[in-house]
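Taking it in order: structure first as structure tokens, then the write-up.
The values are calculated or read from the model by the stated rules, or taken from the named source; none is laboratory data. This is a predicted model, so every value here is computed, not measured. All Cβ positions, glycine included, derive from the backbone under ideal geometry; neighbour counts span all protein chains shown. Only protein heavy atoms, including side chains, enter the accessible area calculation; ligands, DNA and RNA are left aside. Shrake-Rupley method; radii C 1.70, N 1.55, O 1.52, S 1.80 Å.
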Amino acid sequence: MEKASVIKTVIMTANQYRFSRNNSNMVLFQHQLDVLLGITSRGSDLKFFHPRNLLPTECLTVIIDILSETSEMKPSLVIKCLQLLRNLAAEKEIRESFHESFNLTPVLVEIIKHNPSVNPLCMESLHLLQIIIYGHKMILQESYVQDLLEFIIPHITDPAEDCTEVCLGLLVNLCKDNFAVQSHLKNMEHSKQLKRTLLNHMLGSESSLDFVIYSFSVVTSVWLHDQEYDRIFNPSNLKSVFKSIFNIILKRETWMSRRYGVDLFKEMLKDGQIQGELSKFSRLPVYIDGILKLIPASTPETVVMVFELLLCFCSVEGLRCLICRSVLSTLDFGVRPQFSDMLIGPVHQVKEPLLAIVHWANQSPDTHDEAPMYALDFLTEIYEELIYSNTRLKYSVHADLVLPVLLSALNSEVDIDSEMCMPKKQCRKKVKSLQLLSVLSGEDDIRKKMVAMFSPSVYTELLNFQLTNNRVTRHISNVAVGCEDWSEDGVHIVIFCLELMSKLRKYMPNLDGLFCSLLQDSKLVPFLSAGMTSPDRTVLQTALQLFTIGTTLDAFPTVLIGDSMASCIARKNEVTENINAASLTQGSKMKSTRSPSLSYNSAGDFSRSFNGEHEASVQAIIDKMQTGLEIKDINRSEIIDIYEHKIQGYQTRENHLQDLLDAKTLALSQADRLIAQHRSRRAQNEAGAHKMGKLLKESELKSEEHRERLNEIMLQKEKLSLELEHLSQEYQKLEHISEEHQQLTAAYSDITQRYESSQKSLLSLKQELKTLTEMHEILQKHNVSLKQQHDLASEQSSKLQEERKNLSKHLKEKEGKLQELTKNYTKLESKYEKTEKERTELEIGLDNLRDTVNKTEQAKKQLQQKVSALELVCKQHEADLLSKDEQIKDLRTNLEKHTQIAALIHSLSSGKSESGASVTK
């Protein structure tokens, strides 16, 4: 109740702050966030904040909506919101809901996009984003994914950045199992630079382990078979690669580093060559021993990673035997034949790996999440290796340790009426326990101990619970709000429990008759039909084996199972069609409700699965009954079964219609939420469009000015071309052009002088800005000292007030000293008022100085714009001068030619005159 009241106050203060963003509301909201941060600190229970609860969902929605408007918030408040979300992200289901339901990823990308990388706000967003998007396949076509890639890649290629490590982790998350992102990285412009940077991190001696693991992960996802990395992944270097990855898994204490190390191994072991090199790795037994030592002294999350890695190694040929020997090498069964007291106490006090694994398998999945399930899977791998090898007789004593744990897991009650209503994990643990028991039943000595320890009531209670409470047989289609759909796991329990009974029925008394009666029970029909239409291969094969056993029995309902299977398939197709239609109408961004699970489908609409011949036979029987004919070829029990079957089909059809109605109501609620989000985004888009319109108008005005200038230049060019055509006839205009040249040179000299003077003024303004900033820093320091003095004065005033209260109590005893104390009190009050006045005056002075600093910055920007404009003008004049210099040179050459022609003409005319004179003489 305390958490609920805190969340309610957080929602109230957050809404107040959203509607009126004043300081008082911000302080209240920040205070409530601090309280919630204390509640969600590391190590605290976060089950109350599960997304199924409406109150935490509303709180997270309000906080994420506030984060989407970070431009109007103070950075300190944004950081507190991000810290709260990071605390909540420690829970797996909450972390997944941040990306899938609350759409937090685009909000964080916007924060990162609009803040510099040095900013702590950006760093906090990057760390939270790395945690959230882990394990999710991002769509490259989304704009925020492209923005994130544009931010990440330059910060990775620049080694001086502080956020390079986080950006590498984000790139690993984006590349994992995402072909679109991988191809984008291969084909982008800076691909070679990125590859070079990753190679330096992989081979650099000064690189940290996190850089190494992130770089290896990216290269393995994108460039594993690239020729440039063949020398890294060749057999000679793979040993050092394995060594570095094992060191990261064993030595790193952070959850993310180990998680990426395990994922890297899982990705690398998809390659057959790397599997072969790992099986030949000489130090592998030492590292496996070190990994097994992590099982007792780790958190559930780390244990899950260790089990994932060991299960991945078990899939490699030759490694399962090695792991099995390492698990069993430290436990001496000859000295310690009794195991009743081994699992008492905490797991970190256990030294033997096998005892630690069984200890984890004995834990509840409600408190330890998926660690018990992975422990049972690993035990299944170990005992498969033991039983199907020559060492099974030597280690049959393991049953004394494991069988009591499995029996307690099967006898544990499934809580379906609690507030959280999360029985799915408990059912999954029962399924894993039944699979392990099925493996153990393959050894004779262990099977004898199972027969002695397990009574038929264990199986009957397990099956009766599913037959009475599972939605498959109860024909309940809708799931209550806040509850999980555990019916599919219930189907698996029934299938694997029947498989175990079939293996033990020859060795356990009264079990054979119970098994045969269960197979012939019509209540089992939905479970078998669901198992035979399951996408899981093991469930399908087990169900088919049970079906083949059942066909040998006389009263086995083969026809009912076939009809139920047909209805399951028809319902699956109908559900997929409805989901596709809903996705087309509601848009690609809307995530519709999940398709019903397998067990939900198995409660089929039997009436739909009847074929035409079966309905015709039923109608013929009805006609015979109406006409009063004798029915000799049909038993009455079969008629009753058919009618019960048809009634059951109508009930399931009604439930199916109710399912569709619930799905549509959920879709409508999600559509309303999407409409609200669309309206807010539409307002933001309209504001952005308004800004873009303004920018477009400004750019159009500038373009018009440039067009006018260009037209003027073109006119000048035409004029110059005309002048060049008539130069042969206009020699006298050369002097005028030379004068214009002199004027332009003079103008150019004036412009250069102005440019130099503007540079000098700019330097002086920069010096003034430096002095003003220094003054601003001095005033800030002085302001801090004044604040300290004010705090001291406030403390003194509080002390004086306490003294005044004490003196008021002792008034009757000390009446003579009252006047002196009052005088001192008035003096102190006057001093306090003076200090307050001085503080207010200093604050006013600080505000004035800030205004002056802003004005100087604006003046600086204006001067820079003027200087840039003058530089453009100077460049244009220089170009014009160069062109005119070339024109003058051409004109001078033409002049010289014409002068030479005139001289020739003059010389010719003078020679002719001289010859005429001589002739006359």
query: Quick one: what pairs do we get from region 355-383, first residue in a loop (DSSP other than H, G, I, E, B), second of a type outside the set (D, E, K, R), C-beta under 6 Å, 6+ apart or different chains?
result: Asn362/Leu343; Asn362/Val405; Gln363/Pro372; Asp369/Pro300; Glu370/Val304
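Rundown of residues vs (1) open to solvent by 50 Å² or more (accessible area, probe 1.4 Å); (2) modelled with pLDDT under 85, yes/no style:
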| position | (1), (2) |
| --- | --- |
| Phe515 | no, no |
| Gln520 | yes, no |
| Thr538 | yes, no |
| Gln541 | yes, no |
| Leu546 | no, no |
| Ala555 | yes, yes |
| Arg571 | no, yes |
| Glu577 | yes, yes |
query: Among the residues of region 499-512, is any among the aromatic types (Phe, Trp, Tyr), assigned to a helix (DSSP H, G or I) and either farther than 22 Å from Lys572 by Cα or open to solvent by 50 Å² or more (accessible area, probe 1.4 Å) (or both)?
result: no
- request: Could you please find all residues in region 89-114 being farther than 15 Å from Thr70 by Cβ, assigned to a loop (DSSP other than H, G, I, E, B) and not aliphatic (A, V, I, L, M)?
  value: Glu91, Ser101, Phe102, Asn103
- line: When Phe465 is run through (1) over 27 Å from Thr652 (Cα atoms); (2) under 46 Å from the mean Cα position of the chain (by Cα); (3) surrounded by fewer than 22 Cβ atoms within 10 Å (Cβ to Cβ); (4) modelled with pLDDT of 85 or more, the failure sits at (1)
query: Which of the residues belonging to region 431-446 are part of a helix (DSSP H, G or I) and either without any contact (Cβ under 8 Å) to a residue 40 or more places away in the chain or closer than 14 Å to Glu499 by Cα (or both)?
result: Val431, Lys432, Ser433, Leu434, Gln435, Leu436, Leu437, Ser438, Val439, Leu440, Asp444
statement: Residue set Lys860, Lys855, Lys866; condition open to solvent by 60 Å² or more (accessible area, probe 1.4 Å), farther than 18 Å from Gln767 by Cβ and at pLDDT 85 or above; output residue Lys866
statement: Quick count over region 176-192, residues being over 19 Å from Glu267 (Cβ atoms) and surrounded by 15 or more Cβ atoms within 10 Å (Cβ to Cβ), is 1
- prompt: Are any residues in region 157-195 of a type in the set (Gly, Ala, Ser) and outside any helix (DSSP H, G or I), and if so, which ones?
  reply: Ala160
message: Where the second residue is among the basic types (Lys, Arg) and in a helix (DSSP H, G or I) and the first is in contact (Cβ under 8 Å) with a residue 60 or more places away in the chain and closer than 16 Å to Asn848 by Cα and lies in region 767-787, which pairs have Cβ atoms under 8 Å and are six or more apart or on separate chains?
response: Leu769/Lys860; His776/Arg850
message: Take Arg86 and tell me if it is among the basic types (Lys, Arg), under 27 Å from Glu165 (Cβ atoms), open to solvent by 50 Å² or more (accessible area, probe 1.4 Å) and in a helix (DSSP H, G or I).
response: yes
- prompt: Here are Lys827, Lys809, Lys823, Lys875: which of them is under 30 Å from His782 (Cβ atoms) and open to solvent by 100 Å² or more (accessible area, probe 1.4 Å)?
  reply: Lys827
query: Here are some residues: Asn362, Asn390. Which one is at pLDDT 85 or above and out of contact with any strand residue (DSSP E or B) (no Cβ under 7 Å at 6 or more places or on another chain)?
result: Asn362
message: So, in region 830-852, how many residues would count as being over 30 Å from Ser764 (Cα atoms) and either open to solvent by 70 Å² or more (accessible area, probe 1.4 Å) or in contact with a Gly (Cβ under 6 Å, 6 or more places away or on another chain) (or both)?
response: 8
task: With the condition kept exactly as written, say whether any residue in region 753-764 is at pLDDT below 80, open to solvent by 90 Å² or more (accessible area, probe 1.4 Å), out of contact with any His (no Cβ under 9 Å at 6 or more places or on another chain) and assigned to a helix (DSSP H, G or I).
output: no
